[in-house]
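J.: Structure in structure tokens, see below.
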Amino acid sequence: MEPRASTAEPLLNPADHRDQVGLVQEATEEDVDNALRCATESAQTWKATPPSERAAALERAAELMEGRIHELIGILVREAGKSFVNAIAEVREAVDFLRFYGAEVRSNFDNDTHIPLGPVVCISPWNFPLAIFTGQICAALGAGNTVLAKPAEQTPLIATLGVRILHEAGIPRDALQLLPGRG
């Protein structure tokens, strides 16, 4: 069977279909295979990263999210149809997850006693596309696992920005990979 090429599709605001929020390109089977290979190959390196460094990256991501709160709120409102109040609360919850797991890893984890599972798949729901998405990912990353993140099909743009922030904060690209798709 010939591999299916994925093309970028418009993503519309659920409250106003005249508003194109952005474009999304779904991961192909080949993309998923490649991501799993990269996650598996980089698992030992991420696992060996000192917990204090993993914690620091999560803490930096919390700071970056707070600094980009307006951008995050804008995407949550337009892409997920959230009210401003709910979008603010969602960003705050994502930041809380990053700080909580960063503190837990810094205080309680040791590479000799806490053995990661390896590559982990995190699949998030549409109703909390940043908070639950971030919580799953940062828990797995903090524990030393590499992550394949699959956002809800309705909200890949906020997930993309969340992953970019985590990469900017120091999470290696092979340790955290985003795979948008359906279902």
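The values are calculated or read from the model by the stated rules, or taken from the named source; none is laboratory data. As the structure is a computational prediction, the values presented were derived from the model and not from experiment. Note that each Cβ is placed from the backbone with ideal geometry, even for glycine, and that neighbours are counted across all protein chains shown. Ligands, DNA and RNA are excluded from the accessible area calculation, which covers all protein heavy atoms including side chains. Shrake-Rupley method; radii C 1.70, N 1.55, O 1.52, S 1.80 Å.
J.: Computed over the Cα atoms of the stretch 46-87, what is the ratio Rg over Rh, Rh following Kirkwood?
T.: 1.22
J.: What is the local net charge at Glu93, summed over the other residues whose Cβ is closer than 14 Å to its Cβ (Lys, Arg +1; Asp, Glu -1)?
T.: Working: positive: Lys82, Arg92, Arg99; negative: Glu66, Glu90, Asp96.
Taking every Cβ under 14 Å from that of Glu93, the sum is 0.
J.: Nothing charged except the Cβ atoms of Lys and Arg (+1) and of Asp and Glu (-1): what's the magnitude of the dipole of the stretch 20-108 about its Cα centre? Round to the nearest 20 debye. It would help to have the intermediate numbers written out before the result.
T.: Values: 10 positive and 16 negative charges, 82 e Å.
In total the dipole reaches around 400 debye.
J.: Could you provide, to the nearest whole Å², the per residue accessible area of the chain with probe 1.4 Å?
T.: Working: 9490 Å² over 183 residues.
Each residue of the chain exposes 52 Å² on average to a 1.4 Å probe.
J.: If R₀ is 25 angstrom, what is the calculated FRET efficiency for the pair Asp16 and Ala89, using the beta carbon separation as r and rounding to 0.05? Intermediate results must be reported in sequence, preceding the final value.
T.: On the way: r = 22 Å, r/R0 = 0.89.
The value I calculate is 0.65.
J.: In whole percent, how big is the carbon plus sulfur part of the accessible area of the chain, probe 1.4 Å, protein atoms only?
T.: On the way: 5150 of 9490 Å².
Ligands and nucleic acids excluded, carbon and sulfur reach 54 percent.
J.: Right, something else. Where nothing but the Cβ of Lys and Arg (+1) and of Asp and Glu (-1) is charged, how large is the charge dipole of the stretch 56-183 around its Cα centre, in debye to the nearest 20?
T.: Numbers: 11 positive and 14 negative charges, 72 e Å.
For the stretch 56-183, the charge dipole is close to 340 debye.
J.: So, one more: Springs between alpha-carbon pairs under 10 angstrom, Gaussian network model over the chain: which of Arg99, Arg164, Arg37 fluctuates most?
T.: Arg37
J.: Would you compute, from DSSP H runs of 4+ residues alone, the mean residue ellipticity of the chain at 222 nm, taking -39500 (n - 2.57) per run and dividing by the full residue count, rounded to the nearest 500?
T.: -18000 deg cm²/dmol
J.: Order 107-117, 47-57 from most to least packed using the mean count of other Cβ atoms within 10 Å. Kindly include the intermediate steps, with their values, before the conclusion.
T.: Details: 107-117: 11.9, 47-57: 17.3.
Result, highest mean first: 47-57, 107-117.
J.: For the chain, take the longest principal axis of its alpha carbons; what is the angle in degrees between that and the long axis of helix 29-48, to the nearest 10 within 0 to 90?
T.: 30
J.: Report the gain in length on full extension from Ile69 to Asn127: 0.36 nm times residue separation, minus Cα-Cα distance, nm rounded to one decimal. The partial results should precede the final answer.
T.: Numbers: separation 58, 0.36 × 58 = 20.88 nm, distance 1.83 nm.
Stretched fully, the Ile69-Asn127 segment lengthens by 19.0 nm.
J.: Let me ask something else. Would you tally the net charge around Glu168, using a Cβ to Cβ cut-off of less than 10 Å, leaving Glu168 out, and scoring K and R as +1, D and E as -1? All intermediate terms of the calculation are to be shown ahead of the outcome.
T.: Numbers: positive: Arg60, Arg68, Arg164; negative: none.
With Lys, Arg at +1 and Asp, Glu at -1, the neighbours total +3.
J.: Would you work out which of Leu141, Ala89, Leu12 lies farthest towards the positive end of the dipole of the stretch 1-150, given +1 charges on the beta-carbon of Lys and Arg and -1 on that of Asp and Glu, about the Cα centre?
T.: Ala89
J.: Can I ask one more? Counting Lys and Arg as +1 and Asp and Glu as -1, what is the net charge of the other residues whose Cβ lies under 13 Å from the Cβ of Leu64?
T.: -1
J.: So what is the relative contact order for the chain, in percent, with contacts set as C-alpha pairs under 8 Å and at least six apart?
T.: Details: 326 pairs, mean separation 50.1, N = 183.
Dividing the mean separation by the residue count of the chain yields 27 percent.
J.: Let me ask another. At a Förster distance of 35 Å, what's the computed FRET efficiency of Thr40 paired with Glu9, Cβ-Cβ distance as r, to 0.05?
T.: On the way: r = 29 Å, r/R0 = 0.83.
The calculated FRET efficiency here is 0.75.
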